[in-house]
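Right, one structure below, let's go through it.
The values are calculated or read from the model by the stated rules, or taken from the named source; none is laboratory data. The shown structure was predicted, so the numbers you read here are calculated from the model rather than taken from an experiment. All Cβ positions, glycine included, derive from the backbone under ideal geometry; neighbour counts span all protein chains shown. Surface accessibility is based on the protein's heavy atoms, side chains included, excluding ligands, DNA and RNA. Shrake-Rupley method; radii C 1.70, N 1.55, O 1.52, S 1.80 Å.
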Amino acid sequence: MTQYIGILTAGGDSPGLNAAIRGVGKTAIGRYAMEVIGFRDGFRGLVENRSVRLDTSSLAGILTVGGTILGTSREKPHRMLVGGKAQDMTAAIVDNYRASHLDALVCLGGGGTQKNALRLKQQGLHVITLPKTIDNDVFGTDLTFGFDTALGIATEAIDRLHSTAHSHHRIIVVEIMGHRVGWLALGAGIAGGADVILLPEIPYDVEAVAGAIRKRLRSGRSFSIVAVAEGAISREEAEAIVQAEATLSAAGDKQEVKQAKRLIRSLENGRGGHTLALARQLEDLTGLESRVTILGHLQRGGTPSAADRLLATRLGSACADLIHQGRFGVMVAARGEAAVPVPLEEVAGRRKCIPLDHPWIETARNVGSCLGDGGR
Ligand code: F6P
């Protein structure tokens, strides 16, 4: 009997999504004679039943295309804006899954999507996910697709910033995406030879950063490139968060819990402009003129790298194999050359930060990059 599979892309877009859709679709159709239906704009498309049949002709020519042909959104099934109000639309998703006679639903996304997929699994749906995000922070997989492309873009930016920083004897602070993790900043910082690399995992001391830049100055290097992850935090900010978390655990009533949670959220999220502030501080502390480059969404756009196309295609193809075998409720993780099904319960709600003993950290220090903690 023909099997019907639905597919959607959720969360921020990332290079390689179309390669993954194609990998799932071509294997499902060509190898297993399944029917594939794409849902538009993430989970919202499933709520509103906005879909498109994906056949071999609609899957042709998309391997090299950035973004997602299906569209995406950050909407959550259990908290979706309907008529201006957040509502739980899980039941509508379950109804439309059944009405479309789906045998499986493939969700391509990052950490948030893994959580949403687990909720749908708990409603009895046959979900299976693929790990995408430029941040590389999905737990349980060696890599996410999108990361390699963004790494290339951020590295090229650092390369280009070198010549202008050098010519003007300036500090250039370049902000690199990554949400709450530093994989992109660390990877691009090492690959691009940044002099300072600041990560969320290692709260920085601005004096230590300025000291490293002054040391370079004394040895005749009158410019510095500072690669700063968007989620990087100073020691003071990190201490404030620890204190707010202690207040939260000690909170006696609902009101206190609410207040403490609000404070933590504002400390974690309300840091817009911190890269500009850091550049100003470094200018004051070193006497060197400073400039800021925020790479932003440039890192998510455009053609996926060969490595991302390969990863997305092999995980997508393995996903169709697993559906054929009746394996659901899992994320298809990259483990070395293998594609391994990992139960969603092991993945959802966990973030893959850089472990402090990760070899990239040691490498960065060995080649003389300052990580802002006064370490070697
Ligand atoms: O998760 C990918 C990512 O690009 C993060 O690096 C960044 O913090 C966030 O998405 C930006 O989200 P948006 O596109 O919604 O502004």
Task: Vicinal HN-Hα couplings computed from phi for the stretch 23-28 (Karplus, 6.51 cos²θ - 1.76 cosθ + 1.60; Hz; Gly/Pro x) - done: x, 5, x, 5, 5, 4
TODO: Sticking with the crude label model, points 7 Å out along Cα→Cβ, report the distance from ASP95 to LYS254 in nm, one decimal please.
DONE: 3.0
Task: Cα gyration tensor, the stretch 1-87 - rounded (a/c under 1.5), prolate or oblate - done: oblate
Task: Distant-in-sequence amide H partners of LEU295 (H built 1.01 Å from N, under 5 Å) - done: GLU175
- [ ] Please arrange GLU207, GLU230, GLU236 by accessible surface area, largest first, computed with a 1.4 Å probe and ligands excluded.
- [x] GLU236, GLU207, GLU230
- [ ] Relative to the longest principal axis of the C-alpha atoms of the chain, give the angle of the C-alpha long axis of helix 183-192, reported between 0 and 90° and rounded to the nearest 10°.
- [x] 50
Open item on the list: Greater than 30 Å separation of Cα atoms is the criterion. Which listed pairs, LYS76/LYS352; LYS132/LYS215; LYS215/LYS261; LYS215/LYS352; LYS132/LYS258, meet it?
Closed with: LYS132/LYS215; LYS215/LYS261; LYS215/LYS352; LYS132/LYS258
Open item on the list: If you take every DSSP beta bridge fully contained in the stretch 42-137, what fraction is antiparallel? Give it as a percent rounded to 5.
Closed with: 45
- [ ] At 1.4 Å probe size, with every protein chain present, just tell me what the per residue accessible area of the stretch 147-267 comes to in Å².
- [x] 45
- [ ] Over every pair of different alpha-carbon atoms in the stretch 195-291, take the mean of 1/r and invert it; report that Kirkwood radius in Å.
- [x] 15.0
Task: Rounded, prolate or oblate (a/c below 1.5 giving rounded, otherwise prolate when a/b exceeds b/c) for the stretch 220-343 by Cα gyration tensor - done: oblate
TODO: Return an integer: the convex hull volume of the alpha-carbon atoms of the chain, in Å³ per residue.
DONE: 146
TODO: Calculate for the chain the 222 nm mean residue ellipticity that helices alone would give, adding -39,500 (n - 2.57) per DSSP H run of length 4 or more and normalising by residue count, nearest 500 deg cm²/dmol.
DONE: -13500 deg cm²/dmol
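What FRET efficiency, computed as 1/(1 + (r/R0)^6) with R0 = 22 Å and r the Cβ-Cβ distance, is obtained for ASP373 and ALA191, rounded to the nearest 0.05? Before the final figure, lay out the partial values.
Working: r = 21 Å, r/R0 = 0.95.
Computed FRET efficiency for ASP373 and ALA191 comes out at 0.55.
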- [ ] Please identify, among GLY287, GLY112, GLY273, the residue showing maximal mean-square fluctuation in a Gaussian network model of the chain using a 10 angstrom Cα cutoff.
- [x] GLY273
Open item on the list: Could you give each residue of the stretch 102-110 its phi-based ³J(HN,Hα) in whole Hz, using Karplus coefficients 6.51, -1.76, 1.60 with θ = phi - 60°, and x for Gly or Pro?
Closed with: 6, 9, 7, 10, 9, 10, 9, x, x
Task: Dipole in debye (nearest 20) - the chain, about Cα centre, beta carbon charges: Lys, Arg +1; Asp, Glu -1 - done: 500
- [ ] Would you grab the residues whose amide H sits under 5 Å from the one on ILE171? Only those 5+ places off in sequence or on another chain, please, with H modelled 1.01 Å from N.
- [x] SER224, GLU289, SER290, ARG291
- [ ] Please give the solvent-accessible surface of HIS168 in Å², to the nearest 10, using a probe radius of 1.4 Å with every protein chain present.
- [x] 100
Open item on the list: Based on the alpha carbons, how large is the Rg to Rh ratio for the stretch 139-248 when Rh follows Kirkwood?
Closed with: 1.03
Task: Segment GLN123-SER222, length gained on full extension (0.36 nm per residue, minus Cα span) - done: 29.6 nm
Open item on the list: Connecting C-alpha atoms closer than 10 Å in a GNM of the chain, tell me which of LYS352, LYS115, LYS85 has the biggest fluctuation.
Closed with: LYS85
Open item on the list: Run the simple label-point estimate for ARG74 and GLN243 please: 7 Å along Cα→C-beta, distance reported in nm.
Closed with: 2.8
- [ ] Take every DSSP beta bridge with both residues inside the chain and express the antiparallel ones as a percent of the total, to the nearest 5.
- [x] 35
Task: Accessible surface of the chain, 1.4 Å probe, proportion on carbon and sulfur as whole % - done: 51
Task: Accessible area per residue in Å² at 1.4 Å probe, computed on the stretch 1-69 - done: 37
Open item on the list: Using Cα springs under 10 Å in a Gaussian network model of the chain, which residue among SER163, SER73, SER219 shows the largest mean-square fluctuation?
Closed with: SER219
